[in-house]
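Following: one structure in structure tokens, then a few remarks.
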Amino acid sequence: MHELSLAQNIIEIITGELLENGLTKVDTITLKIGEMAQVLPDSLRFGFECLIRETPLEGVKLIIEIVPAKGRCMSCGKNFIIENREFICPECGKAGIEVLTGKELEIVELEGT
Ligand SMILES: [Zn+2]
């Protein structure tokens, strides 16, 4: 049910933006979701589409961009893609990774008229 409350939050943000910017209609929303954000994009989309049914937001297109998880080794400084949630440096084999990207959860774009 985590995704459903998230969808609810997104709808509240969009509604606020509409009022603030004097928009009457939103066409497209683009979301950025990190691979490690603990959000299932399909569930989020499903929840979103259920919640906007028969509201002024019905028909809004939701675009979800997945951000790959990247980390940097705190021992040797190498940047790499974190695969399978393995927090071990492929270069020197040490644990101790700073996560650079992959935890994002944000609205990057909102197009409307
Ligand atoms: Zn390393």
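Every read-out reported here was derived from the displayed coordinates using simple, explicitly stated rules and does not represent laboratory data. These figures come from a predicted structure and were not determined experimentally. In this analysis, Cβ positions are derived from the backbone assuming ideal geometry, glycine residues included, and neighbour counts consider all displayed protein chains.
Return the calculated 222 nm mean residue ellipticity for the chain, to the nearest 500 deg cm²/dmol, obtained by summing -39500 (n - 2.57) across DSSP H runs with n ≥ 4 and dividing by the residue count.
-9500 deg cm²/dmol
For the chain, the percent of C-alpha pairs falling in each 10 Å distance bin, counted from 0 to the bin holding the largest distance, reads 14, 37, 23, 16, 9, 1. Contact order, relative form, for the chain: 35 percent (alpha carbon pairs under 8 Å, 6 or more residues apart, mean separation divided by residue count).
Modelled spin-label separation between GLU91 and ASP42, with each label point placed 7 Å from Cα along the Cα-to-Cβ direction: 3.7 nm. Annotation for LEU19 and GLU54: the two label points, set 7 Å from Cα along the Cα-Cβ direction, are 2.3 nm apart.
Residue-wise HN-Hα couplings along segment 24-29, as the Karplus relation 6.51 cos²θ - 1.76 cosθ + 1.60 with θ = phi - 60° gives them from phi, are 10, 8, 9, 9, 9, 10 Hz; Gly and Pro carry x. Cα centroids of segment 1-42 and segment 74-98: 32 Å apart. Here the Karplus relation 6.51 cos²θ - 1.76 cosθ + 1.60, evaluated at θ = phi - 60°, turns the backbone of segment 2-17 into coupling constants of 4, 5, 5, 5, 5, 4, 4, 4, 4, 4, 5, 5, 4, 4, x, 5 Hz, with x for every Gly and Pro. Of all DSSP beta bridges confined to the chain, the antiparallel ones make up roughly 70%.
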